[in-house]
1. Note down all Cβ pairs under 7 Å where the first residue falls in region 49-73 and is at negative phi and in contact (Cβ under 8 Å) with a residue 40 or more places away in the chain, the second is surrounded by 10 or more Cβ atoms within 10 Å (Cβ to Cβ) and assigned to a helix (DSSP H, G or I), and they're at least six residues apart or on different chains.
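Each reported figure results from applying straightforward, stated rules to the coordinates on display, with no laboratory input. Bear in mind that the values here come from a model prediction, so they are computed numbers and not experimental data. Note that we place each Cβ from the backbone using ideal geometry, even for glycine, and neighbour counts take in every protein chain shown.
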């Protein structure tokens, strides 16, 4: 090992150590930057999750409102059909009375 050190020299050893320290510092900085990016992305994700939750709640409210509106429409259509039947019956009665009146007048 002593011969290895002598062939490389102490200066080369210190240069390698300095290079490794510099590389370590660079990697540490990159790691910190990536952690900051990750933290920012997580905050954005949490904001998006909150927005999605609000939108899902709004969709459920709209579904409920739609269901109520459909129920009201069904009721209105049923009422319209009942009124139409009643009107048809009254028209038929009126026509029958008109025929009876004409029959009585022609006597």
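1. So the pair list comes out empty.
Residue-by-condition table, conditions (1) outside any helix (DSSP H, G or I); (2) loosely packed, with under 10 Cβ neighbours inside 10 Å; (3) over 20 Å from the mean Cα position of the chain (by Cα):
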| residue | (1), (2), (3) |
| --- | --- |
| 11 | no, yes, yes |
| 26 | no, no, yes |
| 40 | no, no, yes |
| 62 | no, no, no |
| 66 | no, no, no |
| 71 | no, no, yes |
| 88 | no, no, yes |
